[in-house]
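Remarks on the structure that follows.
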Amino acid sequence: MNMNHGQYREEKKPETAKESLTPEEFDSSLKLGYGALMGTAIGHRRKVTSVAITPDNLRSLSASDDRTIKVWHLENSTEIMTLSGHNDWVRAVTVTPDGKQAISASDDRTIKVWDLATGTELFTLTGHTDMIRSLIVTPDGKQLISGSSDHTIKIWCLATAKEIDTLIGHHSWVRSLAITADGKRLISGSYDNTIKVWNLKKRQELMTLSGHKEAVVTVAVTPDDRRLISGSTDKTIKVWNLETGENLFTLKGHKEPVRSVVVSPDGELLFSAGNDKIIKIWKLKNGQEIFTLQGHSTIVRSLAITSDGQKLISSAEDGTVKVWNLRKDDKFWSVKAHGDRIMGLAITPDQKYLVSGSFDKTVKVLKIKQGEEVVTLKSHTDKVQAVAIIPHKMQAISGSRDNTLKIWDLHSGKLVKTFYSDPRQGHAAWIRAVTVTPDGQYAISGSVDHKLQVWNVAAGAELKTIAGHASAVQAVAVTPDGDRVISASVDTTVKVWDLATGAELLELTGHKGTVRSLCVTADGSKVISGSSDCHIIVWNLATGEKLFTLRGHTGRVRGLAVTSDSQYLISASEDCTLKIWDLHQQIAIATFRGADAFWCCALSPDSQIIVAGDYSGQVYCGKLADLIS
């Protein structure tokens, strides 16, 4: 080989940050099925600002700027009826505990009560002097409480359709209301940046909670009445002790104003949404962010959860109402591992640890069994694009947009060395992909500079540059005998190279878009490629013949992994699905939907464990046998 040496540095003091989760803290109930989008209800012509669910969990209701309330079948998102009668934006909707009546509030300063069986308007309540922004019914179903831009809270008797009392104390719009499960305390959030807790029986203010820097637009209470949650336009969520008024902790995951918060029926999870178009899921025990749901294209205005905790409803400014599956699926565990998309995954030879690389510039090591984070490896100065395991060692190699490769000792968490390319011979742009030969001697990296680089792992030497692609290299793989390297490119081709000489042996053409992922069967007879054209092609590696094409994904195919017996293929796509294919039958035998676009996948050395990473930084893990059973 041409010995054009690059440089490496021994790293004595790597920067690591241990942020472990104990097995007790890891929520193993969050599976791949968790957060899957079940359906979208389309019918409103303008913003949907409030949603509610009937107690039987069969229907959902939505209130809109188009002046209507719609009632939907929750299971299939089809419309049942439209309630019309308001003369302005309908801001809030709720349902009585017996499920017989719907109640709506509007900018027309009225509250309307509807018969949910017939859609008939029963009566109208008037008394507020400005827009009505929030509604809640007491647990016994006897009283209705409304909050208004006139700075007041009104209490109404539903049996007589009469106003009972008015609570005065806020200095600006009353934007949100919640009530404790025992019906004794009312909580109100206001544009005066405060939260007030009221004794509902005596109609007296108990305390005022201050801490938000901007308007409090949403409040919720845990089922045990011990904690209060508030969301604000200051982009934060605060969790309070409802007895003492102490601010327990503040959640800062949203990048824009928070519009809605709801608590799961078991009190374990908090769901939040806002102007950043996403829904976040948190553990209320410690404030840990554990999941992000993406699917809305505009501001998310309102959330509601079914009483059985099985489904979440969200509404947005584009007039849509979405239904999310919250059912547990014991086939996968998942954990929020990174703060940005995961670009590469690998499993150690002992199958105990998972290594992930992310756009957040870090490499993480997780225990596969529990999802527990062992260590965060920090040394890259730009996004980590790829990771691979060095065979026969507990070491991993990572490639980054900082144009470097780094080797990590996974026992100690230490950075062993950094490879720096000689700009005259090596990479002139960021590294997109990396793989290691089966004997662990050589690493091969692919770059946006259109080239591949071959490195001596032990010596840190840059051995050879392989050029031939007309555009950026997106993926690299090596045959089981270590003799050939395969590369995939934006130029839509797959190329096969002789590792010893750097000579091009084959060019495989057939994809109509960027080829983004590669894997090779264990016998070395086939190479499999995934592309932006949404297709997967299986090739004869000896002749370059296209054997067959797998079609089924509707988004770019970002990751591929094949089992050691060459029977099953795992594919990860931007269409938010993982698919398992039977290569003998040439069909998809299982599809699993995640909460966001999948960016990569990998298999354990014994092919029993599947791991995948998504756009939001979530890692998923499951057993192949469970998934195909």
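Observations on the model:
- Heavy-atom accessible area order for 345, 506, largest first, 1.4 Å probe: 506, 345
- Interchain or long-range residues, amide H under 5 Å from residue 151's placed H: 174
- The solvent-accessible area of residue 266, taken with every protein chain present and a 1.4 Å probe, is close to 100 Å².
- Less than 5 angstrom separates the built amide H of residue 185 from those of 180, 200, all sequence-distant by 5 or more or on a different chain.
- The stretch between residue 79 and residue 205 holds 41.2 nm of extra length on full extension. This uses 0.36 nm per residue minus the Cα-Cα distance.
- Relative contact order computed over the chain (Cα-Cα under 8 Å; 6+ residues apart), in percent: 11 percent
- Of the peptides 591-597, 302-308, the ranking by mean beta-carbon count within 10 Å, highest at the top, reads 591-597, 302-308.
- Between residue 124 and residue 504, the simple spin-label model (points 7 angstrom out along Cα→Cβ) gives 7.6 nm.
- Counting only protein chain heavy atoms and rolling a 1.4 Å probe, the accessible areas of 352, 201, 364 rank, largest first, as 201, 352, 364.
- Counted charge near residue 120, where neighbours are those whose Cβ lies closer than 15 Å (Asp, Glu -1; Lys, Arg +1): 0
- Over 27 Å between alpha carbons, listed pairs 142/202; 238/383; 364/417: 238/383
- Candidate values (i) 61, 39, 27; (ii) 54, 25, 19; (iii) 53, 42, 23, label of the one derived for semi-axes √(5λ) of the Cα gyration tensor in Å: (ii)
- Heavy-atom accessible surface of the chain, averaged per residue, reaches 38 Å², computed with a 1.4 Å probe.
- Net +/- balance of residues flanking residue 497 in space, Cβ distance below 12 Å, scoring K and R +1, D and E -1: 0
- Summed residue charge, Cβ within 12 Å of residue 55's Cβ, Lys/Arg positive, Asp/Glu negative: -1
- Links that overshoot a 31 Å alpha carbon limit, given the list 100/255; 361/526; 213/283; 451/623; 213/277: 100/255; 361/526; 451/623
- Which of 140, 115 is most accessible, then next, and so on - probe 1.4 Å: 140, 115
- CD proxy at 222 nm, helix term only [per DSSP H run n ≥ 4: -39500 (n - 2.57); per residue of the chain; nearest 500]: 0 deg cm²/dmol
- Prolate is the label for region 501-629. Its Cα gyration tensor axes, ordered a ≥ b ≥ c, give a/c of at least 1.5 and a/b above b/c.
The values are calculated or read from the model by the stated rules, or taken from the named source; none is laboratory data. Being a predicted model, the structure only gives us computed values, none of them experimental. Cβ sites come from the backbone with ideal geometry, for glycine too, and all protein chains shown count toward neighbours. Note: accessible area is taken over every heavy atom of the protein model, side chains too, but ligands, DNA and RNA are not part of it. Shrake-Rupley method; radii C 1.70, N 1.55, O 1.52, S 1.80 Å.
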